[in-house]
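Let me begin by presenting the structure, written as structure tokens, before commenting on it.
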Amino acid sequence: ASSAPLLTVRGLEGWYGESHVLHGIDIDVKAGEVVTLLGRNGAGKTTTLRAIIGILGRRSGSIVYDGVETIGMASRKIAKLGLGYVPEERGIFSSLTVQENLMLPPRVKPGGMSVAEIHTLFPNLKERAGSQGTKLSGGEQQMLAIGRILRTGAKLILLDEPTEGLAPVIVQQIGRTIQKLKADGYTIVLVEQNFRFAQTLADRHFVIEQGRVIDQIHNADLDANIDKLHAYLGV
Ligand code: ATP
């Protein structure tokens, strides 16, 4: 059965000051899908996530989430629709404990995960509940950044390179977490450099180059398109 997309991005343009970096991004994401944004450094992947969550200073075009046009909305209002953003730099407050970091973002929707559920998902966070943010490993910081957003009740999760710099065993754990979230009905937009990792999770991949979506590849077709993908990514 085909369903209307949960998120539809059309002709999205975005700027940093006078610098025009998004030139007409088109993306659609169905409820329950995992999609990735692939592309070289500087292609505009992070900026696309920032535009969707409404923290990019200047953007135009159309971003419809669950039937609501969000292009003119403040980021706080967009979050309240049920969107959550986990930035690449994770944003863990080093002066706060793990537990305090977890409780920091306000709930935006009913049905967010409880602390107990987050501890089940990430047992490390339970063990470390009283530790300062600074004492965490990179993997634990990533778990905290994801757990914190799940507590808010967001149902569309934007994840920017969650596996960057992490050991393979932690990458696998993050991968299993994303699979579990998908099984639980979350919708995920994932920026990922490692397309082999992305391949284990995603339904579709959008290739971004110079601020435009230049191709869309269904996950089942990824291997057949591997030469093309290598050319896009310059690997
Ligand atoms: P990366 O993996 O390197 O983050 P990306 O595809 O996510 O790549 P973006 O971070 O979205 O790329 O960057 C898109 C363009 O915008 C790049 O040319 C980058 O230099 C520029 N840019 C990013 N952040 C800023 C900023 N704060 N001010 C000005 N220009 C920026």
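Each reported figure results from applying straightforward, stated rules to the coordinates on display, with no laboratory input. From a predicted model like this one, the values you see are computed outputs, not experimental measurements. Every residue, glycine among them, receives a Cβ derived from its backbone with ideal geometry; neighbour counts consider all protein chains shown.
Below is a table of values for the structure above.
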| item | result |
| --- | --- |
| Highest average packing first - 135-142, 93-100, Cβ atoms within 10 Å | 135-142, 93-100 |
| Over region 145-235, relative contact order from alpha-carbon pairs under 8 Å, at least 6 apart, % | 22 percent |
| Distance (nanometres) between label positions extended 7 Å along Cα→Cβ at SER75 and SER60 | 2.2 nm |
| Percentage relative contact order, the chain, counting C-alpha pairs under 8 Å, at least six apart | 27 percent |
| Over 18 Å (Cα to Cα) - which of LYS30/LYS228; LYS45/LYS109; LYS109/LYS155; LYS30/LYS182 fall in this group | LYS30/LYS228; LYS45/LYS109 |
| Förster-model FRET efficiency, 25 Å R0, THR134 and VAL235, C-beta, rounded to 0.05 | 0.15 |
| Structure-based [θ]222 nm, the chain - -39500 (n - 2.57) summed over DSSP H runs of at least 4, per residue, nearest 500 | -9000 deg cm²/dmol |
| Cα Rg, Dmax, region 1-129, angstrom units | 16.7, 49 |
| Cα centroid of region 161-227 to Cα centroid of region 1-50, whole Å | 14 Å |
| Mean Cβ count within 10 Å, highest first, over the residues of peptides 71-82, 144-155 | 144-155, 71-82 |
| Nearest-0.05 FRET efficiency for ALA167 and SER19, computed from C-beta distance (R0 45 Å) | 0.80 |
| Separation in nanometres of the label points that stand 7 Å from Cα toward Cβ, at ASN41 and ARG196 | 2.0 nm |
| Rounded to whole Å, sorted largest first: equivalent-ellipsoid semi-axes of the chain, Cα gyration tensor | 27, 21, 17 |
| Nonlocal amide H pairs with ASP28, under 5 Å, H built at 1.01 Å | VAL9 |
| Region 1-71: GluC sites (Glu not before Pro) in DSSP loop, at most 15 other beta carbons within 10 Å | GLU18 |
| Percent RCO, i.e. relative contact order, over region 4-115, from Cα pairs under 8 Å lying at least 6 residues apart | 24 percent |
| Fluctuation leader among ALA202, ALA116, ALA31 - the chain, Gaussian network, Cα springs under 10 angstrom | ALA116 |
| Length added when fully stretched, GLN179-ASP215, from 0.36 nm per residue minus Cα-Cα | 10.5 nm |
| Inter-site label distance for SER95 and VAL68 at 7 Å from Cα along Cβ, in nm | 3.3 nm |
| Percent antiparallel among DSSP beta bridges (both partners in the chain, rounded to 5) | 60 percent |
| Pair-distance profile P(r), taking every C-alpha pair of region 71-203, with 10 angstrom steps and integer % | 13, 46, 35, 7, 0 |
